[in-house]
Amino acid sequence: MIAATSSGHPALDRWNDFVNEIAPGFKVPPNLVKAHMLYESGGDPKVVSADGGCGLCQITSSVKALPGGKYTYFGADILEPYYNLQVACRDFIAPNLRAFPDNLDAAIAAYNAGAGAVQAALNNGRPLTEVTYDPMYIPHVSGAYAWLCAQSHKVLAK
């Protein structure tokens with residue numbers, strides 16, 4: 001598995017150590033985590049979106065908003081970067097990669113729309129972009145992933 005390397009995006013690259021520590025333990029490519037993170041938060045660990053997405057990877061499922069701007073996921077602070085990345089890898093990215101082992105676009109779409117919606121689209125011959133909340137989600141994340149992997153290969157070639 002190729003480690004996440006510098007992309008030239010300081011807000012994103014500052015999380016490389018965490019990503020490289022966490023992602024391989026869940027059999028998740030580190031650069032895929034960074035691609036999701038780039039699209040979801042741009043590397044801002046404290047961002048909370050209008051729809052309740054929290055932190056680096058914009059976790060929404062099972063998040064509870066508490067008084068004082070606190071957000072928890074099963075009792076822990078979901079805005080804490082290390083925990084946010086663990087949750088993203090363990091509960092979302094890894095299961096989606098297992099559910100769609102031969103279809104990266106489907107795994108990416110499932111992060112945004114849920115595995116059930118993606119499977120239904122595949123079963124009915126519908127484009128995956130119809131089930132994501134943003135039709136550009138898959139091209140943006142897959143494009144960022146490809147670019148980040150290319151950056152990693154350049155570093156390895158040196």
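Here is how the numbers come out for the structure above:
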quantity: Among 55, 82, 123 the positive-end extreme of the charge dipole of the chain (Cβ point charges); calculated: 82
quantity: Hydrodynamic radius by Kirkwood, which averages 1/r over all alpha carbon pairs of the chain, in angstrom; calculated: 15.8
quantity: Modelled FRET efficiency - R0 22 Å, residue 2 with residue 98, Cβ distances, 0.05 increments; calculated: 0.65
quantity: Under 28 Å, Cα to Cα: Lys pairs in the chain, sequence gap 8 or more or different chains; calculated: 11
quantity: Extension reserve of the residue 16-residue 80 stretch, reckoned as 0.36 nm per residue once the Cα distance is removed; calculated: 21.5 nm
quantity: Extreme residue, positive dipole direction of the chain, given options 23, 35, 71 (C-beta unit charges); calculated: 23
quantity: Using θ = phi - 60° and Karplus 6.51 cos²θ - 1.76 cosθ + 1.60, couplings along segment 82-94 (whole Hz; Gly, Pro as x); calculated: 4, 5, 4, 5, 4, 4, 4, 5, 5, 9, 10, 5, 4
quantity: Point-to-point label distance, residue 133-residue 9, nm (Cα→Cβ direction, 7 Å offset); calculated: 1.8
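Here, each number is a calculation from the coordinates, and none is a lab measurement. Being a predicted model, the structure only gives us computed values, none of them experimental. Every residue, glycine as well, gets a Cβ built from its backbone with ideal geometry; the counts of neighbours run over all protein chains shown.
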